[in-house]
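Below: the structure, in structure tokens.
The values are calculated or read from the model by the stated rules, or taken from the named source; none is laboratory data. Quick caveat: nothing in here was measured; it's all calculated off a predicted structure. As a convention, Cβ positions derive from the backbone with ideal geometry for all residues, glycine included, and neighbour counts pool all protein chains shown. In case anyone asks, the SASA skips ligands and DNA or RNA and just uses the protein heavy atoms, side chains included. Shrake-Rupley method; radii C 1.70, N 1.55, O 1.52, S 1.80 Å.
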Amino acid sequence: RFIPQMKNGEPISLNIAKTTNKGYIYDAGEYLTAKVRVKVKGRKGDTLSLEYGECFLQEGHLWASKKGLRDDQSGYILGPCDFIDLNGETQEIEFFWYRAFRFIEIECENRDKLELEITAVPYYYPYEFKGTFECSDESYNKMWDISRHTLECCSHEILVDCPFFEQQQYGMDSYLESMYALRLSGDTRIVKKV
């Protein structure tokens, strides 16, 4: 294997941001690429659905046309879904592939019968960051942190343009991510794989 195994971060407990008619919306606190772990017990025959969103979409707008502020919780969640068929016993599941999200909407036919624990395990390429940046303007320091976090979210087995939508590699996006990764870490392995 030319590149190292992906890194699993410390599990993050998700907080309930909203209660809906059929379930809950959980907030990870920031955009993540993570493997989701679910411990659930519910009525046999029910289905638990998990729908992932990078933000709430505004009513009247299509898929990605107007996202607004990423922490604004008005609107609705729309994104990829996972489903768990409940068997009446406690089930512990970790999904095979990572998801990219900030929010997860959980729905079940009998929400009041549901016992649920959900955690996210961050999943990304194991950079060892060596580059640093510090400025007297705090907005630039924050931009540095956001850019580093974005690079982590876009670095897995390959450099991806958008971990939420495509999870594919595109030439110019990969070039820019490669240059930033080299500057931050000096790690040439994922760059050579591009």
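The C-alpha atoms of the chain define a longest principal axis, and helix 138-153 lies at about 70 degrees to it. Please check the chain for the longest run free of GluC sites (Glu not before Pro) that are loop-located per DSSP (anything but H, G, I, E, B) and have at most 14 other Cβ atoms within 10 Å. Excluding the exposed sites themselves, the longest stretch runs over 1-58. Ignoring ligands, DNA and RNA, please state the percent of accessible area on the chain from carbon and sulfur, probe 1.4 Å. Of all accessible area on the chain, carbon and sulfur atoms account for 49 percent. Among PRO122, PRO163, PRO11, the residue with the largest mean-square fluctuation in a Gaussian network model of the chain, with springs joining Cα atoms closer than 10 Å, is PRO11. Of the residues LEU14, THR33, TYR175, the one whose Cα sits farthest towards the positive end of the charge dipole of the chain is TYR175 (charges of +1 on Lys and Arg Cβ, -1 on Asp and Glu Cβ, taken about the Cα centre).
Shape of the chain from the C-alpha gyration tensor: prolate (a/c of 1.5 or more and a/b above b/c, with a ≥ b ≥ c the square roots of its eigenvalues). Computed over segment 1-60, the range of Cα coordinates on each principal axis works out to 47, 36, 20 Å, biggest value leading.
Taking the Cα centre of the chain as reference, the dipole from Cβ charges on Lys and Arg (+1) and Asp and Glu (-1) amounts to some 400 debye.
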